[in-house]
Amino acid sequence: MEPRNLIAGLLACMAVVITLLVAPHLPYGNWRVIQSAELVITNAVIYTSDPSLPWAECMAVRSGRILEVGNLRSVEGLIGRQTRIVDLKGKVVVPGFIDSHVHFISGGLQMARVDLHAVKSKSEFISKVEHAVHDMENKQWVLGGGWNNDYWGGELPEASWIDNITHDCPVWLTRMDGHMGLANSFTLNKVGIHNLTDDPVGGTIIKNINGAPTGLLVDAAMQLLLPHIPKVTIQERRDALIRASKLGLSRGVTAVVDFGRYFPGTSTSDVWQDFFEVYKWADETSHMLLRVCLFFPLETWSLVVNTFKGTSRTLSQWLHIGGVKAFTDGSLGSNSALFYEAYADDESNHGLHVVNPDWLLTTVLEADKFGIQVAIHAIGDKANDIALSINEALISKNGMKDRRFRIEHAQHLSPGAADRFGANHVIGSVQPEHLLDDAASAIKKLGEGRAVQESYLFNSLLSSNARLAFGSDWPVVELNPLGGIKAAIERTPHDWQSPWNPSESITVDAALDGYTISAAFAAFMEYEIGSLSIGKWADFVILSKNPWNATAPEDFPSVQATYIGGIQVYP
(Lines give C-alpha, C1' and ligand atoms only; values in the text may rest on other atoms or scores of the structure.)
Protein backbone atom coordinates (compact mmCIF):
# COMPACT_ATOMS: atom_id res chain seq x y z
CA MET A 1 0.00 0.00 0.00
CA GLU A 2 1.31 3.43 -0.91
CA PRO A 3 2.23 5.65 2.08
CA ARG A 4 -0.36 8.18 0.96
CA ASN A 5 -3.14 5.54 1.02
CA LEU A 6 -1.88 4.16 4.33
CA ILE A 7 -2.03 7.59 5.96
CA ALA A 8 -5.50 8.19 4.54
CA GLY A 9 -6.67 4.86 5.91
CA LEU A 10 -5.27 5.61 9.34
CA LEU A 11 -6.92 9.01 9.39
CA ALA A 12 -10.25 7.47 8.43
CA CYS A 13 -9.95 4.94 11.26
CA MET A 14 -9.06 7.69 13.71
CA ALA A 15 -12.10 9.68 12.61
CA VAL A 16 -14.36 6.72 13.31
CA VAL A 17 -12.83 6.21 16.76
CA ILE A 18 -13.15 9.90 17.64
CA THR A 19 -16.76 9.95 16.46
CA LEU A 20 -17.61 6.96 18.62
CA LEU A 21 -15.96 8.55 21.66
CA VAL A 22 -17.51 11.98 21.22
CA ALA A 23 -20.90 10.89 19.90
CA PRO A 24 -22.72 10.59 23.25
CA HIS A 25 -21.95 14.25 23.94
CA LEU A 26 -23.18 15.59 20.62
CA PRO A 27 -26.69 16.83 19.81
CA TYR A 28 -29.13 14.20 18.69
CA GLY A 29 -28.79 14.79 14.97
CA ASN A 30 -25.07 13.93 15.04
CA TRP A 31 -25.19 10.62 16.85
CA ARG A 32 -28.53 8.85 16.62
CA VAL A 33 -27.53 6.94 13.49
CA ILE A 34 -24.59 5.18 15.13
CA GLN A 35 -25.95 4.39 18.59
CA SER A 36 -28.83 2.23 19.67
CA ALA A 37 -31.32 3.31 22.31
CA GLU A 38 -30.98 2.32 25.94
CA LEU A 39 -34.75 2.53 26.46
CA VAL A 40 -37.65 2.30 24.04
CA ILE A 41 -41.23 2.98 25.07
CA THR A 42 -43.75 1.28 22.78
CA ASN A 43 -47.51 0.89 22.44
CA ALA A 44 -48.19 4.10 24.39
CA VAL A 45 -50.45 7.11 23.99
CA ILE A 46 -47.81 9.85 24.21
CA TYR A 47 -48.89 13.47 24.58
CA THR A 48 -45.70 15.36 23.75
CA SER A 49 -46.66 19.01 24.48
CA ASP A 50 -44.82 19.71 21.20
CA PRO A 51 -47.16 21.32 18.63
CA SER A 52 -45.03 20.02 15.75
CA LEU A 53 -45.90 16.44 16.77
CA PRO A 54 -48.55 16.46 19.52
CA TRP A 55 -49.10 12.71 19.64
CA ALA A 56 -46.89 9.65 19.30
CA GLU A 57 -46.88 5.97 20.22
CA CYS A 58 -43.17 5.24 20.70
CA MET A 59 -40.14 6.96 22.18
CA ALA A 60 -36.44 6.07 22.22
CA VAL A 61 -33.96 7.31 24.85
CA ARG A 62 -30.18 7.29 25.16
CA SER A 63 -27.82 9.06 27.59
CA GLY A 64 -30.82 10.59 29.31
CA ARG A 65 -32.14 12.34 26.21
CA ILE A 66 -34.80 11.60 23.63
CA LEU A 67 -33.41 9.97 20.48
CA GLU A 68 -36.67 9.65 18.62
CA VAL A 69 -40.38 10.03 19.17
CA GLY A 70 -43.01 8.86 16.71
CA ASN A 71 -44.40 5.53 15.54
CA LEU A 72 -42.90 2.06 15.82
CA ARG A 73 -41.24 2.28 12.42
CA SER A 74 -39.35 5.44 13.48
CA VAL A 75 -37.72 3.72 16.49
CA GLU A 76 -37.21 0.17 15.16
CA GLY A 77 -33.77 0.98 13.78
CA LEU A 78 -32.64 2.22 17.20
CA ILE A 79 -33.36 -1.05 19.01
CA GLY A 80 -30.18 -3.00 19.80
CA ARG A 81 -29.25 -6.04 21.85
CA GLN A 82 -28.95 -3.97 25.06
CA THR A 83 -32.09 -1.90 24.53
CA ARG A 84 -34.72 -2.17 27.26
CA ILE A 85 -38.18 -2.25 25.68
CA VAL A 86 -41.20 -1.23 27.75
CA ASP A 87 -44.61 -2.08 26.28
CA LEU A 88 -47.13 0.25 27.97
CA LYS A 89 -50.17 -1.52 26.50
CA GLY A 90 -51.94 1.74 25.69
CA LYS A 91 -51.07 3.70 28.85
CA VAL A 92 -50.80 7.49 28.59
CA VAL A 93 -47.38 9.18 28.76
CA VAL A 94 -46.97 12.92 29.31
CA PRO A 95 -43.91 15.13 29.85
CA GLY A 96 -42.63 15.38 33.40
CA PHE A 97 -44.60 17.97 35.35
CA ILE A 98 -42.96 21.30 36.16
CA ASP A 99 -44.41 23.07 39.20
CA SER A 100 -43.92 26.74 38.39
CA HIS A 101 -44.26 28.09 41.92
CA VAL A 102 -43.15 26.34 45.09
CA HIS A 103 -41.35 27.12 48.33
CA PHE A 104 -39.53 23.84 48.18
CA ILE A 105 -37.41 23.70 51.32
CA SER A 106 -40.18 25.37 53.32
CA GLY A 107 -42.49 22.59 52.16
CA GLY A 108 -39.97 19.93 53.12
CA LEU A 109 -39.58 21.49 56.58
CA GLN A 110 -43.36 21.74 56.99
CA MET A 111 -43.65 17.99 56.36
CA ALA A 112 -41.92 17.45 59.73
CA ARG A 113 -43.96 20.05 61.66
CA VAL A 114 -47.50 20.59 62.93
CA ASP A 115 -49.73 20.14 59.88
CA LEU A 116 -53.00 22.09 60.05
CA HIS A 117 -53.99 21.87 56.38
CA ALA A 118 -56.97 19.59 56.85
CA VAL A 119 -58.31 21.16 60.06
CA LYS A 120 -62.05 21.83 59.75
CA SER A 121 -62.98 23.23 63.19
CA LYS A 122 -61.76 25.27 66.15
CA SER A 123 -61.74 22.18 68.36
CA GLU A 124 -59.65 20.22 65.86
CA PHE A 125 -57.22 23.15 65.62
CA ILE A 126 -56.78 23.18 69.40
CA SER A 127 -56.47 19.39 69.54
CA LYS A 128 -53.71 19.34 66.90
CA VAL A 129 -51.70 21.97 68.79
CA GLU A 130 -52.24 20.19 72.11
CA HIS A 131 -50.97 16.92 70.62
CA ALA A 132 -47.86 18.70 69.30
CA VAL A 133 -47.14 20.36 72.64
CA HIS A 134 -47.44 17.00 74.39
CA ASP A 135 -44.52 15.74 72.29
CA MET A 136 -42.39 18.84 72.87
CA GLU A 137 -39.90 19.59 75.59
CA ASN A 138 -40.60 22.67 77.75
CA LYS A 139 -39.75 25.99 76.11
CA GLN A 140 -39.19 24.32 72.71
CA TRP A 141 -40.77 26.16 69.79
CA VAL A 142 -43.98 24.68 68.40
CA LEU A 143 -43.87 25.43 64.66
CA GLY A 144 -46.21 24.52 61.84
CA GLY A 145 -49.06 25.83 59.79
CA GLY A 146 -51.39 25.37 56.87
CA TRP A 147 -54.58 26.42 58.65
CA ASN A 148 -57.40 28.00 56.68
CA ASN A 149 -60.05 29.73 58.77
CA ASP A 150 -62.51 29.55 55.85
CA TYR A 151 -62.75 25.81 56.55
CA TRP A 152 -64.57 26.51 59.83
CA GLY A 153 -66.69 29.50 58.86
CA GLY A 154 -64.14 32.30 58.67
CA GLU A 155 -63.44 33.03 62.35
CA LEU A 156 -59.77 33.87 62.78
CA PRO A 157 -57.89 31.95 65.47
CA GLU A 158 -56.60 33.80 68.51
CA ALA A 159 -53.90 33.24 71.08
CA SER A 160 -56.62 32.62 73.67
CA TRP A 161 -57.53 29.41 71.83
CA ILE A 162 -54.21 27.78 72.72
CA ASP A 163 -52.80 29.73 75.70
CA ASN A 164 -54.06 27.21 78.27
CA ILE A 165 -52.42 24.27 76.51
CA THR A 166 -49.13 25.82 75.36
CA HIS A 167 -48.10 27.44 78.69
CA ASP A 168 -44.44 28.47 78.33
CA CYS A 169 -43.88 26.87 74.90
CA PRO A 170 -43.43 29.55 72.22
CA VAL A 171 -45.81 28.94 69.29
CA TRP A 172 -45.88 30.17 65.68
CA LEU A 173 -48.43 28.72 63.24
CA THR A 174 -48.71 30.20 59.74
CA ARG A 175 -51.87 30.47 57.68
CA MET A 176 -51.94 28.36 54.51
CA ASP A 177 -50.97 31.36 52.31
CA GLY A 178 -47.95 32.28 54.43
CA HIS A 179 -49.09 35.91 54.77
CA MET A 180 -50.45 35.58 58.31
CA GLY A 181 -49.52 33.61 61.39
CA LEU A 182 -50.70 32.98 64.95
CA ALA A 183 -48.55 33.30 68.06
CA ASN A 184 -49.65 32.44 71.60
CA SER A 185 -49.53 35.06 74.37
CA PHE A 186 -46.29 33.64 75.76
CA THR A 187 -44.61 34.31 72.40
CA LEU A 188 -46.06 37.84 72.10
CA ASN A 189 -44.65 38.70 75.51
CA LYS A 190 -41.34 37.03 74.70
CA VAL A 191 -40.79 39.15 71.56
CA GLY A 192 -42.23 42.38 72.98
CA ILE A 193 -45.49 42.76 71.04
CA HIS A 194 -48.13 44.53 73.14
CA ASN A 195 -50.98 47.07 73.06
CA LEU A 196 -48.71 49.99 72.19
CA THR A 197 -46.74 48.25 69.44
CA ASP A 198 -47.34 50.08 66.15
CA ASP A 199 -48.00 48.36 62.83
CA PRO A 200 -44.86 48.25 60.69
CA VAL A 201 -44.97 49.50 57.11
CA GLY A 202 -46.53 46.77 54.96
CA GLY A 203 -47.91 44.77 57.88
CA THR A 204 -50.62 44.59 60.54
CA ILE A 205 -50.77 43.49 64.17
CA ILE A 206 -54.37 42.41 64.54
CA LYS A 207 -55.85 43.70 67.81
CA ASN A 208 -59.18 43.24 69.58
CA ILE A 209 -61.63 46.02 70.48
CA ASN A 210 -59.60 46.73 73.62
CA GLY A 211 -56.42 47.26 71.60
CA ALA A 212 -54.74 44.04 72.76
CA PRO A 213 -52.95 41.87 70.17
CA THR A 214 -54.94 38.77 69.30
CA GLY A 215 -51.84 36.82 68.34
CA LEU A 216 -52.24 37.30 64.57
CA LEU A 217 -49.49 39.02 62.58
CA VAL A 218 -49.95 39.91 58.90
CA ASP A 219 -47.18 40.22 56.28
CA ALA A 220 -44.38 42.60 57.40
CA ALA A 221 -45.58 42.42 61.03
CA MET A 222 -44.24 38.86 61.08
CA GLN A 223 -40.73 40.33 61.12
CA LEU A 224 -41.36 41.39 64.72
CA LEU A 225 -41.42 37.71 65.67
CA LEU A 226 -39.57 35.63 63.10
CA PRO A 227 -36.00 36.65 64.05
CA HIS A 228 -36.62 35.13 67.50
CA ILE A 229 -37.28 31.64 66.09
CA PRO A 230 -34.13 29.47 66.17
CA LYS A 231 -32.59 29.03 62.75
CA VAL A 232 -33.09 25.65 61.14
CA THR A 233 -29.82 23.80 60.78
CA ILE A 234 -28.07 23.00 57.53
CA GLN A 235 -28.83 19.31 58.03
CA GLU A 236 -32.53 20.01 58.64
CA ARG A 237 -32.70 21.96 55.39
CA ARG A 238 -30.83 19.29 53.45
CA ASP A 239 -33.18 16.66 54.83
CA ALA A 240 -36.10 18.90 53.84
CA LEU A 241 -34.85 19.05 50.23
CA ILE A 242 -34.62 15.26 49.99
CA ARG A 243 -38.02 14.82 51.65
CA ALA A 244 -39.65 17.36 49.31
CA SER A 245 -38.00 15.85 46.24
CA LYS A 246 -39.24 12.34 47.00
CA LEU A 247 -42.75 13.69 47.45
CA GLY A 248 -42.49 15.52 44.14
CA LEU A 249 -41.36 12.44 42.25
CA SER A 250 -44.31 10.48 43.62
CA ARG A 251 -46.60 13.14 42.13
CA GLY A 252 -44.92 13.16 38.71
CA VAL A 253 -42.98 16.37 39.37
CA THR A 254 -39.62 16.32 37.58
CA ALA A 255 -38.79 20.04 37.95
CA VAL A 256 -39.82 22.92 40.21
CA VAL A 257 -39.40 26.67 40.25
CA ASP A 258 -38.41 27.46 43.83
CA PHE A 259 -39.13 30.95 45.19
CA GLY A 260 -37.44 30.11 48.44
CA ARG A 261 -38.09 30.75 52.10
CA TYR A 262 -38.78 34.45 51.62
CA PHE A 263 -42.00 36.31 52.40
CA PRO A 264 -42.43 39.97 53.34
CA GLY A 265 -41.14 40.25 56.86
CA THR A 266 -38.60 37.43 56.57
CA SER A 267 -34.86 37.53 55.94
CA THR A 268 -33.61 37.68 52.35
CA SER A 269 -30.49 35.79 53.43
CA ASP A 270 -32.36 32.49 53.88
CA VAL A 271 -32.74 31.98 50.12
CA TRP A 272 -29.04 32.54 49.55
CA GLN A 273 -28.04 30.26 52.41
CA ASP A 274 -30.22 27.55 50.91
CA PHE A 275 -28.54 28.03 47.53
CA PHE A 276 -24.99 27.72 48.87
CA GLU A 277 -25.55 25.26 51.74
CA VAL A 278 -28.28 23.03 50.35
CA TYR A 279 -28.64 23.21 46.57
CA LYS A 280 -24.96 23.48 45.68
CA TRP A 281 -24.19 20.74 48.20
CA ALA A 282 -26.86 18.49 46.70
CA ASP A 283 -25.66 19.17 43.17
CA GLU A 284 -22.00 18.53 43.97
CA THR A 285 -22.69 15.36 45.97
CA SER A 286 -25.24 13.75 43.62
CA HIS A 287 -28.16 14.31 46.01
CA MET A 288 -30.34 16.21 43.52
CA LEU A 289 -33.36 14.09 42.69
CA LEU A 290 -35.24 16.47 40.40
CA ARG A 291 -34.50 19.67 38.47
CA VAL A 292 -34.78 23.04 40.22
CA CYS A 293 -34.97 26.61 38.91
CA LEU A 294 -34.17 29.18 41.62
CA PHE A 295 -35.51 32.70 42.12
CA PHE A 296 -34.04 35.15 44.63
CA PRO A 297 -35.53 38.18 46.45
CA LEU A 298 -35.59 41.37 44.36
CA GLU A 299 -33.79 43.16 47.19
CA THR A 300 -30.72 41.07 46.34
CA TRP A 301 -30.73 41.59 42.57
CA SER A 302 -27.17 42.98 42.52
CA LEU A 303 -25.97 39.84 44.30
CA VAL A 304 -27.61 37.79 41.54
CA VAL A 305 -25.63 39.80 38.98
CA ASN A 306 -22.33 39.44 40.83
CA THR A 307 -22.76 35.77 41.75
CA PHE A 308 -23.71 34.51 38.31
CA LYS A 309 -21.78 36.97 36.16
CA GLY A 310 -20.33 35.22 33.15
CA THR A 311 -22.32 32.03 33.70
CA SER A 312 -25.29 30.70 31.78
CA ARG A 313 -28.69 30.23 33.37
CA THR A 314 -27.97 26.51 33.54
CA LEU A 315 -25.48 25.66 36.28
CA SER A 316 -25.90 21.91 35.77
CA GLN A 317 -28.55 19.54 34.46
CA TRP A 318 -30.16 19.87 37.91
CA LEU A 319 -29.77 23.55 38.81
CA HIS A 320 -31.01 26.50 36.78
CA ILE A 321 -31.03 30.21 37.67
CA GLY A 322 -34.34 31.98 37.13
CA GLY A 323 -34.30 35.57 38.36
CA VAL A 324 -35.74 37.70 41.15
CA LYS A 325 -39.12 37.92 42.84
CA ALA A 326 -40.89 40.95 44.28
CA PHE A 327 -44.19 41.58 46.04
CA THR A 328 -46.95 44.10 45.50
CA ASP A 329 -49.53 42.89 48.03
CA GLY A 330 -50.46 40.13 50.49
CA SER A 331 -53.19 37.52 50.19
CA LEU A 332 -56.97 37.33 49.91
CA GLY A 333 -57.40 35.15 52.98
CA SER A 334 -55.47 37.61 55.14
CA ASN A 335 -57.41 40.60 53.71
CA SER A 336 -54.07 42.02 52.58
CA ALA A 337 -54.50 41.54 48.80
CA LEU A 338 -54.69 45.00 47.20
CA PHE A 339 -57.98 45.98 45.51
CA TYR A 340 -59.51 49.13 43.99
CA GLU A 341 -62.71 48.56 45.95
CA ALA A 342 -62.85 47.79 49.66
CA TYR A 343 -63.43 44.30 51.00
CA ALA A 344 -67.12 43.48 51.27
CA ASP A 345 -66.54 42.09 54.77
CA ASP A 346 -64.18 44.90 55.84
CA GLU A 347 -65.34 48.16 54.27
CA SER A 348 -62.44 50.25 55.57
CA ASN A 349 -59.83 47.95 54.05
CA HIS A 350 -58.50 47.88 50.48
CA GLY A 351 -55.49 45.67 51.26
CA LEU A 352 -51.79 46.41 51.64
CA HIS A 353 -48.86 47.71 49.64
CA VAL A 354 -46.32 45.35 51.20
CA VAL A 355 -43.45 47.32 49.65
CA ASN A 356 -43.11 50.94 48.57
CA PRO A 357 -44.41 51.17 44.96
CA ASP A 358 -41.79 53.74 43.91
CA TRP A 359 -38.96 51.60 45.25
CA LEU A 360 -40.45 48.58 43.50
CA LEU A 361 -40.52 50.28 40.10
CA THR A 362 -37.03 51.76 40.42
CA THR A 363 -35.48 48.48 41.56
CA VAL A 364 -37.17 46.36 38.90
CA LEU A 365 -35.98 48.79 36.21
CA GLU A 366 -32.39 48.39 37.42
CA ALA A 367 -32.57 44.60 37.59
CA ASP A 368 -34.10 44.40 34.12
CA LYS A 369 -31.22 46.42 32.64
CA PHE A 370 -28.92 43.54 33.57
CA GLY A 371 -31.13 40.95 31.88
CA ILE A 372 -32.51 39.50 35.10
CA GLN A 373 -35.92 37.87 34.79
CA VAL A 374 -38.49 39.47 37.10
CA ALA A 375 -41.45 37.80 38.79
CA ILE A 376 -43.93 39.87 40.81
CA HIS A 377 -46.43 38.52 43.34
CA ALA A 378 -49.86 40.07 42.72
CA ILE A 379 -53.20 38.85 44.08
CA GLY A 380 -55.68 41.76 44.03
CA ASP A 381 -56.90 43.57 40.92
CA LYS A 382 -55.05 46.78 41.80
CA ALA A 383 -51.87 44.84 42.58
CA ASN A 384 -52.03 43.10 39.19
CA ASP A 385 -52.49 46.42 37.40
CA ILE A 386 -49.45 47.78 39.25
CA ALA A 387 -47.41 44.78 38.09
CA LEU A 388 -48.66 45.15 34.50
CA SER A 389 -47.76 48.84 34.55
CA ILE A 390 -44.26 47.98 35.75
CA ASN A 391 -43.82 45.68 32.77
CA GLU A 392 -45.01 48.42 30.44
CA ALA A 393 -42.49 50.78 32.04
CA LEU A 394 -39.73 48.22 31.40
CA ILE A 395 -40.66 48.10 27.72
CA SER A 396 -40.80 51.90 27.51
CA LYS A 397 -37.53 52.61 29.34
CA ASN A 398 -35.40 49.51 28.69
CA GLY A 399 -36.77 48.50 25.30
CA MET A 400 -38.33 45.35 23.88
CA LYS A 401 -36.52 42.08 24.60
CA ASP A 402 -37.22 38.50 25.58
CA ARG A 403 -37.65 39.25 29.30
CA ARG A 404 -40.52 36.80 30.06
CA PHE A 405 -41.93 39.01 32.80
CA ARG A 406 -43.95 36.89 35.23
CA ILE A 407 -46.86 37.77 37.49
CA GLU A 408 -47.15 35.21 40.26
CA HIS A 409 -50.75 34.25 41.14
CA ALA A 410 -52.63 36.81 38.98
CA GLN A 411 -55.73 35.82 40.94
CA HIS A 412 -58.04 38.81 40.54
CA LEU A 413 -57.96 40.96 37.41
CA SER A 414 -59.67 44.24 36.62
CA PRO A 415 -61.59 44.60 33.31
CA GLY A 416 -59.11 44.66 30.44
CA ALA A 417 -56.21 43.30 32.47
CA ALA A 418 -56.26 39.90 30.75
CA ASP A 419 -55.76 41.63 27.40
CA ARG A 420 -52.75 43.50 28.81
CA PHE A 421 -51.15 40.17 29.67
CA GLY A 422 -51.43 38.98 26.09
CA ALA A 423 -50.53 42.28 24.41
CA ASN A 424 -47.26 42.59 26.35
CA HIS A 425 -46.28 38.91 26.55
CA VAL A 426 -46.68 38.73 30.32
CA ILE A 427 -46.63 35.23 31.78
CA GLY A 428 -49.41 34.40 34.23
CA SER A 429 -47.89 32.05 36.80
CA VAL A 430 -51.10 30.72 38.34
CA GLN A 431 -52.14 28.05 40.83
CA PRO A 432 -55.39 26.33 39.80
CA GLU A 433 -56.01 24.54 43.10
CA HIS A 434 -56.19 27.87 44.92
CA LEU A 435 -59.61 28.43 43.36
CA LEU A 436 -60.94 25.34 45.14
CA ASP A 437 -60.21 26.94 48.51
CA ASP A 438 -60.89 30.54 47.50
CA ALA A 439 -64.29 30.35 45.79
CA ALA A 440 -66.45 30.76 48.89
CA SER A 441 -63.93 33.12 50.46
CA ALA A 442 -63.76 35.34 47.37
CA ILE A 443 -67.55 35.64 47.22
CA LYS A 444 -67.62 36.58 50.90
CA LYS A 445 -64.76 39.07 50.68
CA LEU A 446 -65.50 40.63 47.27
CA GLY A 447 -69.19 40.00 46.71
CA GLU A 448 -70.44 37.50 44.15
CA GLY A 449 -70.35 39.90 41.19
CA ARG A 450 -66.74 40.99 41.66
CA ALA A 451 -65.62 37.47 42.54
CA VAL A 452 -67.03 35.91 39.36
CA GLN A 453 -65.97 38.76 37.10
CA GLU A 454 -62.33 38.92 38.09
CA SER A 455 -61.19 35.67 39.75
CA TYR A 456 -58.97 32.98 38.20
CA LEU A 457 -59.55 34.00 34.59
CA PHE A 458 -57.60 31.17 32.98
CA ASN A 459 -59.58 30.96 29.75
CA SER A 460 -59.65 34.75 29.34
CA LEU A 461 -55.87 34.88 29.74
CA LEU A 462 -55.31 32.12 27.19
CA SER A 463 -57.75 33.79 24.79
CA SER A 464 -55.68 36.98 25.04
CA ASN A 465 -52.63 34.96 23.89
CA ALA A 466 -51.04 35.08 27.33
CA ARG A 467 -48.87 32.18 28.40
CA LEU A 468 -49.99 30.35 31.56
CA ALA A 469 -47.50 28.50 33.75
CA PHE A 470 -49.18 26.29 36.35
CA GLY A 471 -47.99 25.59 39.87
CA SER A 472 -49.12 24.87 43.41
CA ASP A 473 -47.47 27.42 45.73
CA TRP A 474 -46.64 24.39 47.91
CA PRO A 475 -46.83 24.17 50.91
CA VAL A 476 -49.85 26.49 50.57
CA VAL A 477 -51.64 23.66 48.77
CA GLU A 478 -50.56 20.12 47.92
CA LEU A 479 -47.69 19.48 45.55
CA ASN A 480 -49.92 17.68 43.06
CA PRO A 481 -50.00 18.69 39.38
CA LEU A 482 -52.78 16.26 38.51
CA GLY A 483 -54.94 17.97 41.15
CA GLY A 484 -54.14 21.33 39.58
CA ILE A 485 -54.96 20.04 36.10
CA LYS A 486 -58.28 18.69 37.35
CA ALA A 487 -59.07 22.00 39.07
CA ALA A 488 -58.33 24.02 35.92
CA ILE A 489 -60.54 21.76 33.81
CA GLU A 490 -63.47 21.33 36.19
CA ARG A 491 -63.33 24.42 38.49
CA THR A 492 -65.50 22.65 41.07
CA PRO A 493 -64.60 23.75 44.63
CA HIS A 494 -64.66 21.42 47.61
CA ASP A 495 -68.18 20.41 48.60
CA TRP A 496 -69.69 22.15 45.55
CA GLN A 497 -71.90 20.31 43.09
CA SER A 498 -71.26 22.62 40.13
CA PRO A 499 -68.28 24.52 38.74
CA TRP A 500 -67.42 28.08 39.69
CA ASN A 501 -67.57 30.34 36.63
CA PRO A 502 -67.32 27.46 34.11
CA SER A 503 -66.66 29.85 31.20
CA GLU A 504 -63.10 30.10 32.56
CA SER A 505 -62.52 26.32 32.40
CA ILE A 506 -59.82 25.15 30.02
CA THR A 507 -59.12 21.96 28.05
CA VAL A 508 -57.04 18.97 29.14
CA ASP A 509 -54.39 19.89 26.54
CA ALA A 510 -54.13 23.47 27.80
CA ALA A 511 -53.92 22.35 31.42
CA LEU A 512 -51.18 19.82 30.62
CA ASP A 513 -49.26 22.47 28.69
CA GLY A 514 -49.49 24.74 31.73
CA TYR A 515 -47.54 22.16 33.73
CA THR A 516 -45.12 21.26 30.92
CA ILE A 517 -44.02 23.30 27.90
CA SER A 518 -45.46 26.63 29.10
CA ALA A 519 -43.95 26.12 32.54
CA ALA A 520 -40.58 25.41 30.91
CA PHE A 521 -40.88 28.51 28.71
CA ALA A 522 -41.70 30.66 31.74
CA ALA A 523 -38.34 29.65 33.26
CA PHE A 524 -36.21 29.84 30.06
CA MET A 525 -35.90 26.03 30.13
CA GLU A 526 -37.91 25.05 27.06
CA TYR A 527 -34.85 23.88 25.11
CA GLU A 528 -34.08 21.24 27.75
CA ILE A 529 -37.42 20.12 29.22
CA GLY A 530 -41.16 20.71 28.94
CA SER A 531 -41.99 18.54 25.94
CA LEU A 532 -41.11 15.08 24.67
CA SER A 533 -39.06 16.31 21.75
CA ILE A 534 -35.89 14.99 20.15
CA GLY A 535 -32.78 16.12 22.01
CA LYS A 536 -34.49 17.11 25.27
CA TRP A 537 -34.10 15.35 28.59
CA ALA A 538 -36.29 12.26 28.75
CA ASP A 539 -38.38 13.40 31.73
CA PHE A 540 -41.83 11.82 31.55
CA VAL A 541 -44.74 10.44 33.56
CA ILE A 542 -46.86 7.35 32.97
CA LEU A 543 -50.49 7.86 34.01
CA SER A 544 -52.84 5.20 35.36
CA LYS A 545 -55.76 6.36 33.20
CA ASN A 546 -56.50 8.60 30.24
CA PRO A 547 -57.47 12.11 31.46
CA TRP A 548 -59.20 12.87 28.15
CA ASN A 549 -61.66 10.07 28.92
CA ALA A 550 -62.46 11.13 32.49
CA THR A 551 -66.19 11.69 32.96
CA ALA A 552 -66.32 11.34 36.75
CA PRO A 553 -63.93 12.23 39.59
CA GLU A 554 -62.91 8.60 40.06
CA ASP A 555 -61.92 8.42 36.37
CA PHE A 556 -59.15 10.98 36.78
CA PRO A 557 -55.67 9.43 36.61
CA SER A 558 -52.92 9.07 39.17
CA VAL A 559 -49.17 8.83 38.62
CA GLN A 560 -48.09 5.28 37.84
CA ALA A 561 -44.40 5.99 37.22
CA THR A 562 -42.00 8.93 36.96
CA TYR A 563 -38.85 9.01 34.82
CA ILE A 564 -36.04 11.57 34.82
CA GLY A 565 -33.42 11.36 32.11
CA GLY A 566 -34.91 8.05 30.99
CA ILE A 567 -34.43 6.46 34.43
CA GLN A 568 -37.41 5.37 36.52
CA VAL A 569 -37.29 7.31 39.81
CA TYR A 570 -40.77 6.48 41.11
CA PRO A 571 -41.95 4.08 42.34
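The values are calculated or read from the model by the stated rules, or taken from the named source; none is laboratory data. Model, not experiment: these values are computed from the prediction. When we count neighbours, we look across all protein chains shown, and the Cβ atoms used for this are built from the backbone with ideal geometry, even at glycine. Just so you know, the surface numbers come from the protein's heavy atoms only, side chains and all, with ligands and any DNA or RNA stripped out. Shrake-Rupley method; radii C 1.70, N 1.55, O 1.52, S 1.80 Å.
Listing for the model above:
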read-out	value
Residue-normalised accessible area of the chain, given per residue in Å² at a 1.4 Å probe	41
Per-residue HN-Hα couplings for segment 50-65 [Karplus 6.51, -1.76, 1.60; θ = phi - 60°; Hz; x = Gly/Pro]	10, x, 6, 7, x, 10, 8, 10, 9, 8, 10, 10, 8, 6, x, 10
Translational D in µm²/s for the chain (Stokes-Einstein at 37 °C, 0.692 mPa s, Kirkwood Rh from C-alpha pairs)	131
Local electrostatic count, R84, Cβ distance below 14 Å [Lys/Arg +1, Asp/Glu -1]	0
Heavy atoms of D150: accessible area, 1.4 Å probe, square angstrom to 10	40
Principal-axis tilt of helix 481-490 within the chain, Cα atoms, nearest 10 degrees	70
Globularity ratio of segment 241-377, using Cα Rg and 2.2 N^0.38 Å	1.21
Share of pairwise Cα separations in segment 312-389, more than 15 Å, in percent	60
Area accessible to solvent at T285, 1.4 Å probe radius, in Å²	60
Karplus-derived 3J(HN,Hα), 6.51/-1.76/1.60, for each residue of segment 301-316, Hz, glycine and proline x	4, 5, 5, 4, 4, 6, 6, 10, 4, x, 10, 7, 5, 8, 7, 7
Segment 327-468: relative contact order as a whole-number percent, Cα under 8 Å and 6+ apart	24
Contour minus Cα-Cα distance for S267 and H194 (0.36 nm per residue)	24.0 nm
Cα principal axis extents for segment 113-265, largest first, Å	51, 34, 33
Sequence of I205, I386 from largest to smallest accessible area, 1.4 Å probe	I386, I205
Model label zone, S544; criterion: amide N under 19 Å from point 7 Å along Cα-to-beta-carbon; scope segment 488-511	none
Nearest 10 degrees, 0 to 90: helix 434-446 Cα axis against the chain principal axis	30
Listed residues D239, D50 arranged by accessible area, highest first, probe 1.4 Å	D239, D50
Where the Cα pairs of segment 439-571 fall when distances are cut into 5 Å bins, in %	2, 9, 15, 20, 21, 15, 8, 5, 3, 1, 0
Distribution of pairwise C-alpha distances over segment 182-242, 5 Å bins, in %	4, 17, 26, 20, 10, 10, 8, 4, 2, 0
Relative contact order computed over the chain (Cα-Cα under 8 Å; 6+ residues apart), in percent	16
Whole-number percent relative contact order across segment 276-399, with pairs defined as alpha carbons under 8 Å at least 6 apart	25
Principal-axis tilt of helix 3-22 within the chain, Cα atoms, nearest 10 degrees	30
